[in-house]
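The values are calculated or read from the model by the stated rules, or taken from the named source; none is laboratory data. Small disclaimer: the values here were computed from a predicted structure and weren't measured. Quick reminder, even Gly has a Cβ in these numbers, built from the backbone with ideal geometry, and neighbours come from all protein chains shown.
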Amino acid sequence: MKKIYKGFLQLEDHGDADDLIYIKGDDYPILEQIQDDIEEYGNLLSVRYFLSDKNEDINKLTENLIKSISGSADIDYGSHYSEYTGYLWTDQDLKIGGHDLADELYNNAQHDKWNFKTHEKITVPGKWLYAEIEYNSPTQPKEK
């Protein structure tokens, strides 16, 4: 099963969780979507993804930059709460074949940063993501 995820990356708050990675306009964080798809289709993945400053078609992206990774997926996405501290947090981890895809998506998402010279907040635009993930499972996918 091949799925395509595309759009501009941005960090958003969701409930009590801060800085979750979204594709602009989606209702759910991208790692939550991928986790759901892994649970349904399996965790052995082949990934081809592209990051660009603007929305470009797949042919142009292929000419500019290609990154291919494949291997077993290790994902940890979910909200957690500590009854001892009252602290709520969300894990956003996705490693495929030893590559930290969640970290790369996070670092290329729209975010705010502080300019210490001008003492102003600056919004850094997110990169355009086009990702094709083919799900292949050595284990059984979820029954429908």
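What number of residues in the stretch 84-122 are more than 24 Å from the chain's Cα centre (by Cα) and either surrounded by 13 or more Cβ atoms within 10 Å (Cβ to Cβ) or of a type in the set (Val, Ile, Thr) (or both)?
Matching residues across the stretch 84-122 total 2.
What pairs come out if I take residues in the stretch 36-61 that are farther than 14 Å from Gly7 by Cβ and free of Cβ contacts under 8 Å to residues at least 24 places away in the same chain and pair them with residues that are part of a strand (DSSP E or B) and small (Gly, Ala, Ser) whose C-beta lies under 9 Å away, six or more apart or interchain?
Here the result reads Lys60/Ser52, each pair linking the stretch 36-61 to a residue that is part of a strand (DSSP E or B) and small (Gly, Ala, Ser).
Exactly one of these conditions fails for Glu56: (1) modelled with pLDDT under 90; (2) outside any loop (DSSP other than H, G, I, E, B). Give me its number.
In the conditions (1) modelled with pLDDT under 90; (2) outside any loop (DSSP other than H, G, I, E, B), Glu56 misses (2) alone.
Enumerate the pairs (first residue in the stretch 92-104 and under 17 Å from Asp13 (Cα atoms); second residue anywhere and of a type in the set (Gly, Ala, Ser) and surrounded by 17 or more Cβ atoms within 10 Å (Cβ to Cβ)) with beta-carbon separation below 8 Å, excluding pairs fewer than 6 apart on the same chain, so at least 6 apart or on different chains.
Listed pairs, sorted by first residue: Gln92/Ala102; Asp93/Ala102.
If the requirement is being assigned to a helix (DSSP H, G or I) and within 14 Å of Leu129 (Cβ to Cβ), which of these qualifies: Ile34, Ile4, Ile38, Ile21?
Details: Ile4 fails: assigned to a helix (DSSP H, G or I); Ile38 fails: within 14 Å of Leu129 (Cβ to Cβ); Ile21 fails: assigned to a helix (DSSP H, G or I).
Of the residues listed, the single one that is assigned to a helix (DSSP H, G or I) and within 14 Å of Leu129 (Cβ to Cβ) is Ile34.
Out of Tyr81, Tyr28, which single residue is farther than 17 Å from Ile133 by Cα and at pLDDT below 85? Talk me through it step by step, then tell me what you get.
Numbers: Tyr28 fails: at pLDDT below 85.
Just a single option satisfies the conditions, and that option is Tyr81.
Which residue is modelled with the highest pLDDT, if the candidates are limited to the stretch 68-78 and must be more than 15 Å from the chain's Cα centre (by Cα) and on the phi < 0 side of the Ramachandran plot?
Going through the stretch 68-78, the residues more than 15 Å from the chain's Cα centre (by Cα) turn out to be 68, 70-72.
When the remaining residues are screened for being on the phi < 0 side of the Ramachandran plot, the result is 68, 70, 72.
Numbers: Ser68: 46, Ser70: 51, Ser72: 62.
The selected residue is Ser72.
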